[in-house]
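Have a look at the structure below, then the notes.
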Amino acid sequence: MSKMIWTLDEVERAAALVKEYGNAGDAAAEIGIKTGTLREALRIHGKPVSELLEIAKLEDLDRLKEAHAKHVRRDNEKKLKKLKTFVKAQNLRVFERNDGVKVYVVVGDVHVPYQDQRACDAVGALMADLRPDGLVVNGDYLDLLEVSRHSSASVAQLEGLRISKSFDGGNLQLDRWLKAAPSLKDNHFVDGNHEDRLRRWMTTGDNAVWLGDESTDIGKRLRFAERGFVYHAGYPKASVKLGHLLVTHGRWCNKYAAATHLDRYGHAILVNHVHSPQMHYGSALDKQKAAWVNGHLADIDSPAMSYAPAPNPWCLGFSVVYVEPNKTFHVTPVQFADGAFYFGGRRYGKGGRS
C-alpha cells in the first residue's frame, strides 16, 4: 500500500485502522508507510483524518461512506459557488430553456463584405450566451456587387471589386459566428436575390462558360459541407421550415410587405429582403398565421447601399425563433437602436456585450 494510487478498498482499510488506533501514526505503521503519506492519501480521497477520528466510535463502514459523500457534496457546492461567482464577475449570462425546445437565430441581408461589423459581433455575443441550436442565414448574405447589372460595363463601379473578396469576407463572418457559439449544429443557408445575382450573371452571354465551375459555386466557396450548413439554393423558391414557420428570403418589397407575404403564401412566414422590420397577424382559428420581416445587418453607409431611400426607414435587426416539440413556434424580433439591442434584460452592441 505504499503506492500513491489507492483503490477504494485500500482507502477504506486505512480509514478503518485510523479509527481503530485513534491516530494516523499507528495506522501508518501497521500498513508500513509514512504518516504523511497516509494523511495525503486520505485527504485526496476526501476522508481527512480529522473527520475519521470524529466518527471513530461508529461501528459500521456505511456511516463512513455517508460522511465521505457529504464531504463530496460540500466540495461540489463550493465549486458551483465559485463558478457562479466567476460567471457573475465576467458579466456572463446563460439562458435556460424547456426540454425539447429548439432555438434558432435567423439573420439576413448581411450584404458581406459590406456588413455592419459591430452589429454582427453583437449578434455573435448574444449567440454565445443564448447557445442556440441553429443559425439560419436568410438570403442576401453576400452582396455580390461585382456581378450586379448596376456595375456592368462601368470601370468606376468595378474599380477594386473582386468576387474573391466577397467569398473571403463571407467565410470570415461565418467563422466568427460559429466560433462564438459552438452549440450551432442545425444550420441553414437560404438563397436571396443577391445570391441570385451570381446565377443571373452566369447565364448572361459569354459568362455561361462559368456554369458548374467550383470557383462560382456559393456552396463550395463558403464550405457549407465542412461547416455543417444545409444549402437551400434557388431564389425565390428556396426556404426552410422551423416547426410550422416558413423561412424564406422574400419576394415583395413594399410598405405592407409582411401582409403581402402572408396573403400570397397563406402560411406563417418569416422573411428578409425589405430591410425594415414588420409583422402582420391574420386569423387562423387553431393555426398560427402571421408574418414577420427581419431587419438587416448591412452597413448603410457603404457604397453597396447607395440605393437606400432617404429618409431611411431601414433598421438593423434579426430574429430568435423557438420551436417546441409539437412544431409550435415563437418568433422574437430583435431591433437595434443606436447600435445596440436588449435581449433578456441584457444590452448587446454599442456600450454593451460584443
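The values are calculated or read from the model by the stated rules, or taken from the named source; none is laboratory data. The structure presented is a predicted model; accordingly, all values stated were derived computationally and were not measured. Note that each Cβ is placed from the backbone with ideal geometry, even for glycine, and that neighbours are counted across all protein chains shown.
Table for the structure above
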read-out	value
Condition met for D186 (under 15 Å from V136 (Cα atoms) and either surrounded by fewer than 20 Cβ atoms within 10 Å (Cβ to Cβ) or out of contact with any Phe, Trp or Tyr (no Cβ under 7 Å at 6 or more places or on another chain) (or both))	yes
Enumeration of residues in the range 254-279 that are assigned to a strand (DSSP E or B) and free of Cβ contacts under 8 Å to residues at least 24 places away in the same chain	Q278
A304, sole failed condition from (1) surrounded by 19 or more Cβ atoms within 10 Å (Cβ to Cβ); (2) outside any helix (DSSP H, G or I)	(2)
Unmet requirement for H249, which otherwise passes all of (1) more than 25 Å from A340 (Cβ to Cβ); (2) surrounded by fewer than 24 Cβ atoms within 10 Å (Cβ to Cβ); (3) touching a residue at least 24 places away in the same chain (Cβ under 8 Å)	(2)
Yes/no for H273 being over 27 Å from D129 (Cα atoms), in the same structural domain as W177 (by TED's automatic domain parsing) and within 24 Å of the chain's Cα centre (by Cα)	yes
Residue list for the range 223-238, restricted to those being of a type in the set (G, A, S) and more than 17 Å from V105 (Cβ to Cβ)	A225, A233, G234, A238
Top-ranked residue in the range 323-345 [being surrounded by 17 or more Cβ atoms within 10 Å (Cβ to Cβ) and touching a Gly at 6+ places or on another chain (Cβ under 9 Å); ranked as nearest to N98 (Cα to Cα)]	V323
Near pairs, Cβ below 6 angstrom, 6+ apart or cross-chain, from the range 14-35 (touching a residue at least 24 places away in the same chain (Cβ under 8 Å)) to any residue that is outside any helix (DSSP H, G or I) and among the small types (G, A, S)	K19/A56; I33/S2
Qualifying residue in the range 313-330 (condition: in contact with a Lys or Arg (Cβ under 6 Å, 6 or more places away or on another chain), of a type in the set (G, A, S) and not in a loop (DSSP other than H, G, I, E, B))	no
Wholly enclosed helices (runs of 4 or more DSSP H) of the range 1-115 bearing at least 2 residues at pLDDT 80 or above and hydrophobic (A, V, I, L, M, F, W, C)	8-21, 24-31
